[in-house]
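The values are calculated or read from the model by the stated rules, or taken from the named source; none is laboratory data. The shown structure was predicted, so the numbers you read here are calculated from the model rather than taken from an experiment. Note that we place each Cβ from the backbone using ideal geometry, even for glycine, and neighbour counts take in every protein chain shown. Just so you know, the surface numbers come from the protein's heavy atoms only, side chains and all, with ligands and any DNA or RNA stripped out. Shrake-Rupley method; radii C 1.70, N 1.55, O 1.52, S 1.80 Å.
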Amino acid sequence: MNFHHNSNFQNETLRDFSKEEERFILNKGFISIRKEFPIQVFPIISGKSKKTSLIVPALNPANINEKIADIHYASIADAEEAAKTSIKSFETWKNTKPEIRIGFLKKAADILRSQKAELTALISLEVGKGIKDIDAEIAEAIDFCEFYAKEAEDIFQPRKRDLLGEENVYTYIPRGVTLVVAPWNFPLAILCGMTVAPLVAGNPVIMKPAEQSSTIAFKLFNILIEAGIPSSVLHFLPGKGEEIGAYLVKHSEIHTINFTGSRAVGLGMIREAASQDLKFVKKVVAEMGGKNAMIVDEDADLDEAVIASIQSAFGFQGQKCSALSRIILLESKYDTFKSRFIDSLQSLKPGLPEDPSVKVGPVIDSESKTRLDNIASQFSSKIISKLKIEEGQKYTGHFVEPIIFESEDSTSPLGQTEFFGPYVTLFKAKNFEEAIKIANNVDYALTGGIFSRNPKNIQYAKEKFEVGNLYINRGITGAVVDRQPFGGYKLSGVGAKAGGPDYLKQFLEPISITENTMRRGFIPET
Amino acid sequence: MKATEESGPKTILSPLDLQNRILEKGKELFRLSDSFEDGFFSTYRLFSKSLLFLENRPLLKLQAFRFADLFPSLSSLSSISRYIRIYFIETPTEIPKWILLFLSLLLSNRLSSVFVALGAKIGIKLTAKFFILGRTYGSDRKKIIDRYKNGICSTIDILGEAVLSEKEAERYISEYLLLLEEVSKDKELSEIRSSQFPNEPTGNVSVKCSSLYSQLDPLAHESSVTHLMDKLRPILSSAVSKNIFINLDMEQYETKDIIMDTAFRIFREPEFENYPHFGIVIQAYLKASQADLSKVIEYSKKRKYPLTVRLVKGAYWEYEMTQSAQKGWEPPVFLKKSDTDKNYEECSALLLRSYPHIRPAFGSHNIRSLSSAFVRAAEYSVPEKFFEVQMLYGMGNSYKQAIRSLGISVREYSPIGEVIPGMAYLVRRLLENSTNEGFLKNINANSKDRERLLYLENTK
């Protein structure tokens, strides 16, 4: 068999859980991380832990009786100090040889690899993600380190175009202090990628993790410091987004904001950045969500389509920006798909995500639960199936019942609003062209998929389906670094794809230098 | 493999002697099969000849397999003719130009395109019927009875779509229970059995574990095993009360350990520990197969009655290669076909050496592989009555007769289920399993080429 590789980058290997020893190591991870509870998470600026007046407990969303950590929230003063020291350290970091910065990323990848079991346990317990999703996430974090390290190796090779008597060099310099505002749903991978890319490019970074996943963020911060990143260029600020996040977004010395989160917050940042009167243009890189669709053609393999839809819609309770929330079916497939899909949902087991047989865990917090419950009652007449969660479980954790809706109106909120939960709606289309039209008729363009065995329709989708990541005859989540660079357009985001060839350049300014080397008719030999 | 263990053979064959005997045995099988060829089963030869049209036409073969895979989801004649156009006319293949011209002419007219679609539908149904026994045991048991009359036993398996939910799994369980019921109540079958196959149990059923439980998951090993045992218990209980053989089939590598652990645990339960008719499968294309086989042998030694092991090469090679490549894993299967063949022979020897603690069932259509097993059996003095050969329903009938004539039992793996979705299933198996391709060549080859197939490593 012939495999065509276009790069020599190697993705991190997933763990093979059919092996008994892997399952054994996994269990040990839970035991050892629990011994550290409650973990004390502090703001850290230039290597120094900060005292705080606000301590918020981090609770296991699947069992709120379990305390994971105490999060010591940073203050505005801390944010100001982080910004100030970042500016001071910028010159040194900028002038540090790229090879040295690259080496730190490779070391970080090694440390991440060595701590897979504990990190898996911590992610499971702090955000309620399932084991296999976590394994993919840790692999992704490692991939980000290795991939951006490799990209940096290429980017920092100056591009030369020398002529007789004229030397031309095209090269990159770092932009400046970068604020990283990360989400909780990929607490390790997204934060890691968003942080190491500006760092390896030569920018000091202020990490502002999501409130809900500060403990994992703290672990990652410590790993990066352990890997050798100087404490003067990487600062850790757990705390309220509305407070310290907003303060730093406005800060006159922050050059780049690297954001992943809600559309409202992202657009707000872009407006804020544009309205500031600075000596440079503040850049916002934002990844903001989606309302992702799967089209099931009349000739689709339903065995595959149903499984892929279940995983894409309900994996991690639908709390992924890539999650499936609309299934657009060709009429002839509608009834069979619907009944198999419903039965399949009803076969999933809800419970504690650390139990490997559980497929449905909690949502992140009570706020999210209330919001989702309200949506469910608002559209209760459209519900065609709901996976029952036992009363007891509802009281001990933030569990939301996964729901399949059915709707004829793709312009209603069921077809337009991102719910960020285990909700999916079925829509009907007369033909494939109409299905694509429905799929495109949203503000977002993030991920999408089709199940079809008609080469014409596959080609049509490749040309017309408005998404950043299109998947054909497979699930629509689980993008792999370098193989499937991830990110959307329209209101799904602005900026280059994560894990792709353009990502690093967002934190760099390209410079072109031309030197006339001729002096009075004399040309030095090159 | 060294042949120096305690229960070793009386006469140790030198490697050269062994090879020569295998060659002789293979030639004998070919000779015998030729003598059976023009009898009762000759339609198959016609069919396999027609399949030859696909040989050396890789693009057409690919489209043909793709079309068959798609076929079950085409609901109308107009969609069939539409897809014939898309798959065979608009996609370049090696179809001769005059056929293409003729075909597009027929498809251009509404009336004649219905004719083409109907033709394709009948053709696919007929093809499916070659490989699939029938819809249910009840409706098509005559065929099984006919096979028994011709001296060929069967193991029945239920085909179908993947189980996506517990509801679908429950439906399969009741289908298995119904099948056991029907087999045990078949008077005609029991008469033939008691007269011609005195040692055969009432029936023989192959169970696909993945169709009994929709949430099989290697990560959740413990709960998968527990659930699978719960699902299997009523089926095994029913089989025990009716004296029916139950074989647990193997599928993907990732569920192998779940199925093995399930078998080890459930066969040990008081209700089942002294039951003589249980079997499991070892797939020789897996690198772990010899280690697994040793475990099964050790387990079987502790039983009152030996387990049966169906030794196959395995039908998911492409799937396993894709999975491991995408996950960055070492492939669990041998990369070279000849390594699998060699391993098959080593596993055969291991099985035969464990006589009488385990019953071997050699599942293969490869004459070299089977000859090797027969020669080894003689070397280790394993009586012919103690092992059997298993082949797929619809394939290699003259070989089945040839093996029968050597005094070795032959059992057919006979799928039942809806013909159309079943066809897609079988095409997938055929496509995945390059050994079957070898088999087709095998059948149609002339005697010189056939002899070349008897060497373990193709020198080409």
Taking the range A:359-408 and keeping only residues that are β-branched (V, I, T) and touching a residue at least 60 places away in the same chain (Cβ under 8 Å), one is left with A:V360, A:V363, A:I364, A:T396, A:V400, A:I404
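Can we say A:L26 is within 14 Å of chain B (Cβ to nearest Cβ), modelled with pLDDT of 95 or more and crowded, with 19+ Cβ neighbours inside 10 Å?
Numbers: within 14 Å of chain B (Cβ to nearest Cβ): yes; modelled with pLDDT of 95 or more: yes; crowded, with 19+ Cβ neighbours inside 10 Å: yes.
Yes: the conditions hold for A:L26.
Counting only residues that are aromatic (F, W, Y) and more than 14 Å from chain A (Cβ to nearest Cβ), which one in the range B:69-122 is surrounded by the most Cβ atoms within 10 Å (Cβ to Cβ)?
Going residue by residue through the range B:69-122, those that are aromatic (F, W, Y) are B:71, B:83, B:87-88, B:98, B:102, B:115.
Now drop any that are not more than 14 Å from chain A (Cβ to nearest Cβ), which leaves B:98, B:102, B:115.
Values: B:W98: 8, B:F102: 11, B:F115: 15.
Restricting to residues being aromatic (F, W, Y) and more than 14 Å from chain A (Cβ to nearest Cβ), the top hit is B:F115.
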Here the qualifying pairs (Cβ atoms under 6 Å; residues six or more apart or on different chains; first in the range A:292-310 and open to solvent by 20 Å² or more (accessible area, probe 1.4 Å); second modelled with pLDDT of 95 or more and not aromatic (F, W, Y)) come out as A:E298/A:L330
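Please note which strands (runs of 3 or more DSSP E) are completely contained in the range A:272-363 and include at least 1 residues that are touching a Gly at 6+ places or on another chain (Cβ under 7 Å), within 14 Å of chain B (Cβ to nearest Cβ) and not small (G, A, S). Don't jump to the end; show me each part of the working.
On the way: elements: A:283-287, A:292-296, A:324-330.
Result: empty, no element qualifies.
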Quiz item: Do the conditions hold for A:I111, that is, is it away from every other protein chain (no Cβ under 14 Å), part of a helix (DSSP H, G or I) and touching a residue at least 12 places away in the same chain (Cβ under 8 Å)?
Solution: yes
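Which residues, counting only those in the range A:450-495, are among the β-branched types (V, I, T) and either open to solvent by 20 Å² or more (accessible area, probe 1.4 Å) or more than 13 Å from chain B (Cβ to nearest Cβ) (or both)?
Here is the first cut: in the range A:450-495, the residues among the β-branched types (V, I, T) are A:450, A:458, A:467, A:472, A:476-477, A:480-481, A:494.
The answer is A:I450, A:I458, A:V467, A:I472, A:I476, A:T477, A:V480, A:V494.
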Cβ pairs under 9 Å, 6+ apart or interchain, first in the range A:330-344 and touching a residue at least 24 places away in the same chain (Cβ under 8 Å), second among the β-branched types (V, I, T) and open to solvent by 20 Å² or more (accessible area, probe 1.4 Å), ordered by first then second residue, are A:K338/A:I384; A:I342/A:I384; A:S344/A:I307
Taking the range A:496-522 and keeping only residues that are modelled with pLDDT under 95 and open to solvent by less than 70 Å² (accessible area, probe 1.4 Å), one is left with A:T517, A:G521
Over the range A:183-216, the set of residues open to solvent by less than 10 Å² (accessible area, probe 1.4 Å), under 13 Å from the mean Cα position of the chain (by Cα) and over 17 Å from A:S368 (Cα atoms) is A:L188, A:A189, A:L191, A:C192, A:G193, A:M194, A:T195, A:P209
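If you go through the range B:141-172 one residue at a time, how many are open to solvent by less than 40 Å² (accessible area, probe 1.4 Å) and part of a helix (DSSP H, G or I)? I'd like the intermediate steps shown before the answer.
So in the range B:141-172, the residues open to solvent by less than 40 Å² (accessible area, probe 1.4 Å) come out as B:144-145, B:147-148, B:151-160, B:163-165, B:168-169, B:172.
Next cut, part of a helix (DSSP H, G or I) only: B:144-145, B:147-148, B:168-169, B:172.
Matching residues across the range B:141-172 total 7.
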Exactly one of B:E379, B:E418, B:E384 is more than 27 Å from B:I12 (Cα to Cα) and modelled with pLDDT under 95, and that one is B:E418
Within the range A:248-272, the count of residues that are under 22 Å from A:K84 (Cα atoms) and crowded, with 19+ Cβ neighbours inside 10 Å comes to 10
B:F245 vs (1) more than 22 Å from B:F362 (Cα to Cα); (2) away from every other protein chain (no Cβ under 13 Å): all pass except (1)
- Answer yes or no: is there a residue in the range B:334-346 that is in contact with a helix residue (DSSP H, G or I) (Cβ under 9 Å, 6 or more places away or on another chain), more than 28 Å from B:D449 (Cα to Cα) and away from chain A (no Cβ under 14 Å). no
Q. Would you call A:S385 of a type in the set (G, A, S), within 14 Å of chain B (Cβ to nearest Cβ) and open to solvent by 40 Å² or more (accessible area, probe 1.4 Å)?
A. no
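Okay, residues lined up against (1) modelled with pLDDT of 95 or more; (2) polar (S, T, N, Q):
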| position | (1), (2) |
| --- | --- |
| B:S139 | no, yes |
| B:I152 | no, no |
| B:K167 | yes, no |
| B:I173 | yes, no |
| B:L179 | yes, no |
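Out of A:D70, A:D78, which single residue is in the same structural domain as A:S232 (by TED's automatic domain parsing), at pLDDT 95 or above and outside any strand (DSSP E or B)?
A:D78
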Practice problem: With the condition kept exactly as written, say whether any residue in the range B:260-271 is out of contact with any Pro (no Cβ under 7 Å at 6 or more places or on another chain), open to solvent by less than 20 Å² (accessible area, probe 1.4 Å), away from chain A (no Cβ under 14 Å) and over 25 Å from B:A315 (Cβ atoms). | Solution: no
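To keep it simple, each residue is scored yes or no on (1) among the hydrophobic types (A, V, I, L, M, F, W, C); (2) farther than 26 Å from B:L352 by Cβ.
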residue: B:S241; (1), (2): no, yes
residue: B:F245; (1), (2): yes, no
residue: B:Y253; (1), (2): no, no
residue: B:I259; (1), (2): yes, no
residue: B:E273; (1), (2): no, no
residue: B:A284; (1), (2): yes, no
residue: B:E320; (1), (2): no, yes
residue: B:Q326; (1), (2): no, yes
residue: B:E330; (1), (2): no, yes
Of (1) open to solvent by 70 Å² or more (accessible area, probe 1.4 Å); (2) aliphatic (A, V, I, L, M); (3) modelled with pLDDT of 85 or more, B:L29 fails just (1)
Quiz item: Is it the case that A:V424 is open to solvent by less than 20 Å² (accessible area, probe 1.4 Å), within 14 Å of chain B (Cβ to nearest Cβ) and in contact (Cβ under 8 Å) with a residue 40 or more places away in the chain?
Solution: no
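For the structure I just gave you, tell me whether A:S53 is at pLDDT below 95 and more than 14 Å from chain B (Cβ to nearest Cβ). So that I can check it myself, show each step before the final result.
Numbers: at pLDDT below 95: yes; more than 14 Å from chain B (Cβ to nearest Cβ): yes.
For A:S53, the condition - at pLDDT below 95 and more than 14 Å from chain B (Cβ to nearest Cβ) - is met.
Scan the range A:217-242 for residues that are part of a helix (DSSP H, G or I) and either surrounded by 24 or more Cβ atoms within 10 Å (Cβ to Cβ) or touching a residue at least 40 places away in the same chain (Cβ under 8 Å) (or both) and jot them down.
Just the residues of the range A:217-242 that are part of a helix (DSSP H, G or I), to begin with: A:217-226, A:241-242.
Those that are part of a helix (DSSP H, G or I) and either surrounded by 24 or more Cβ atoms within 10 Å (Cβ to Cβ) or touching a residue at least 40 places away in the same chain (Cβ under 8 Å) (or both): A:A217, A:F218, A:K219, A:L220, A:F221, A:I223, A:L224, A:I225, A:E226, A:G241.
So that you can scan it fast, the table gives a plain yes or no per residue for (1) open to solvent by 10 Å² or more (accessible area, probe 1.4 Å); (2) at pLDDT 95 or above; (3) farther than 19 Å from A:S18 by Cα:
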site: B:D217; (1), (2), (3): no, yes, no
site: B:E222; (1), (2), (3): yes, yes, no
site: B:V225; (1), (2), (3): no, yes, no
site: B:M229; (1), (2), (3): yes, yes, no
site: B:I235; (1), (2), (3): no, yes, yes
site: B:N243; (1), (2), (3): yes, yes, yes
site: B:I246; (1), (2), (3): no, yes, yes
site: B:E251; (1), (2), (3): yes, no, no
site: B:D257; (1), (2), (3): yes, yes, no
Contact list, first residue from the range B:178-200 and closer than 20 Å to B:I158 by Cβ, second anywhere and at pLDDT below 90 and loosely packed, with under 12 Cβ neighbours inside 10 Å, beta-carbon distance below 6 Å, six or more apart or interchain, is none
